[in-house]
1. What are the residues in region 195-239 that are without any contact (Cβ under 8 Å) to a residue 40 or more places away in the chain, among the basic types (Lys, Arg) and buried (at least 17 other Cβ atoms within 10 Å of the Cβ), if any?
2. Right, ASN168: buried (at least 17 other Cβ atoms within 10 Å of the Cβ) and at positive phi or not?
3. Given the structure, is SER204 in contact with a Gly (Cβ under 9 Å, 6 or more places away or on another chain), under 19 Å from ASN45 (Cα atoms) and among the polar types (S, T, N, Q)?
4. Mind checking which residues of region 131-152 are over 15 Å from the mean Cα position of the chain (by Cα) and surrounded by fewer than 19 Cβ atoms within 10 Å (Cβ to Cβ)?
5. Taking the condition hydroxyl-bearing (Ser, Thr, Tyr) and surrounded by fewer than 16 Cβ atoms within 10 Å (Cβ to Cβ), does THR184 pass?
6. Quick check on region 195-246: of everything there that is at pLDDT below 85 and of a type in the set (Asp, Glu), which residue is nearest to PRO166 (Cα to Cα)?
7. Out of the residues in region 100-115 that are of a type outside the set (Val, Ile, Thr) and under 16 Å from LEU53 (Cα atoms), which is surrounded by the fewest Cβ atoms within 10 Å (Cβ to Cβ)?
8. Determine, yes or no, whether SER216 is among the small types (Gly, Ala, Ser) and assigned by TED's automatic domain parsing to the domain that holds ILE147.
Amino acid sequence: MFRLKVYLKKVFFVFVLILTSLSCLNASVEVFSNYDTVLTVNTDNTIDINRSLTLKNVYEVGIVPGQIEFKVAKGVDGSVDNLKVMNVSAKDKFGKDIKVQVREMKDYSVIILDVYYPLLPGFEYQFDLDYKLSYNPGGIFFKSLNIPIRESTIPIEKGAFRVVLPDNYHFTYFGEKVNVNKETNSAIWDIKDNDPKSITFEYSYLPIKIKNFKGSYTFWIVINLILLLILFFEVKKEVKKVKNKYGQ
């Protein structure tokens, strides 16, 4: 009986060791079968991130995901100051809290989730990840952001990335193909096989959008043309004065 107990303990230890080893290879044994994100831009220079994720075991044997990391870069295009991660929380599909850690690195913040939940081949684990970002969007009339889609090493099969703007703001440029819903003042990017790698958009309270040309470029071109016209007429008026003065 004693030998049997020792044997069972050894088998259990080897089993745990195998599962732990597999969890270190998460990029090849698990995928996000669904990766939905809602990014809500607020008027107080903060962004709410709400992710609904489904982790799937695509390996031949059972795995334990272990710690899942999401890297959030501290600076994005169009942002003057570094991004700051705040109010991080995660829950599984039953509403149970998932342990979360946030580590601050030099160039990025790391959100770490403890998912020690055994997954058999083909099985899935659903959970939600929510956090807030504070940032300085830069720009006077137009604000631009470039945001990476994939913040984890785990591949993404499919999903949707939706950006919601505050009332009275307008999208003035998109860097990728996108579906716009004017009723909800939002834009949706379809994600498939990690494509696109990132999303780029510009927004403003000035509704200036001409095809795929940046609204900020259009705005400043028009302003410069107006200034040139004003300058032209002022010069023309001065030349006319000089001619009248000297009788030419």
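1. LYS209, the sole residue that qualifies.
2. So ASN168 fails the test.
3. The answer is yes for SER204.
4. ASN136, GLY138, GLY139, ILE140, PHE141
5. Spelling it out, THR184 is indeed hydroxyl-bearing (Ser, Thr, Tyr) and surrounded by fewer than 16 Cβ atoms within 10 Å (Cβ to Cβ).
6. GLU234
7. The residue in question is ASP114.
8. no
The values are calculated or read from the model by the stated rules, or taken from the named source; none is laboratory data. Remember, predicted model here, so these are calculated numbers, not experimental data. Every residue, glycine as well, gets a Cβ built from its backbone with ideal geometry; the counts of neighbours run over all protein chains shown.
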